[in-house]
Structures are given as C-alpha cells and as structure tokens.
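Beneath this line is the structure, given in structure tokens, with notes to follow.
Values in this text are rule-based calculations from the coordinates and carry no lab data. Remember, predicted model here, so these are calculated numbers, not experimental data. Glycine gets a Cβ as well: all are built from the backbone with ideal geometry, and neighbour counts include every protein chain shown.
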C-alpha cells in the first residue's frame, strides 16, 4: 500500500505569508487612497472650470464653487482656500499644490507631494 503525504497550506505558512504581505497591503492601500483623492480633486477642479462661462468670473466665486463641491465629495486633503487662482491672458489657472500625509504603522508615515497647474479656458 502506498501512502500519500497530505499537502496543503498549514496555519504556520499562512501566518508567515500574512507577516510578509501585510505591510505591503497596508502600503498599497494608503498610496491607493492618496492617489484616488488626488484624482478626485483634479476632477472637481476640471468640472468647476467647465462650469465657468466667462473670463470675468471672480476668483472668490470660483473658490466658493470649489468649496461647495469639495464639501459634497468629502475631500479632506486640501481646502479650496489653499488653491491659488490666477487670471492671465484669457486663461484662468488653478495651482494645486499640497502634501498628503497618511499613517502606516507605529511612527511610520507616508507623504505624497502633489503639484499641478490646471488651465481653464472660459
């Protein structure tokens, strides 16, 4: 009679894999949420920019629209007051520059620095 040894994934191996992959999953999760919020902010600025119909729209009006939209979409990384809005030669530009800091574990944090200028052509 031939005996076959059981094969499989033991509890010890499972815990070892969790110890190795756990920090990578946490890192990926934090980086992913950071970039999702960045792309959400860009989408909000672009949509508000498309709703601006005139070059004469005042920066405080654009900022008010941004504040309202960011509040509805639960954006926490940046406030509309932190954005710089300039008008140059028929183009409205919004400077999006901020740092997003997320906790990893213990005293370790991950910091993302985002800097972009978005052009609006009314």
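At a glance:
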item: 0 to 90° range, to nearest 10: angle between helix 11-51 axis and the chain longest Cα axis; result: 10 degrees
item: Packing-based order for 110-120, 93-103, using average beta carbon neighbours within 10 Å, highest first; result: 93-103, 110-120
item: Whole-angstrom Cα spans of the range 48-119 along principal axes, big to small; result: 50, 25, 16
item: Neighbour-count order for 13, 42, 107, fewest beta carbons within 10 angstrom listed first; result: 107, 13, 42
item: Computed E for residue 61/residue 39 - FRET, C-beta separation, R0 30 angstrom, nearest 0.05; result: 0.75
item: Which labelled figure in (i) 2, 9, 17, 15, 12, 9, 7, 6, 5, 4, 4, 3, 2, 2, 1, 1, 1, 0, 0; (ii) 2, 11, 23, 24, 21, 12, 6, 2, 0; (iii) 2, 9, 11, 11, 11, 10, 9, 8, 6, 5, 4, 4, 3, 2, 2, 1, 0, 0 is P(r) over Cα pairs in 5 Å bins from 0, in percent, once derived from the coordinates; result: (i)
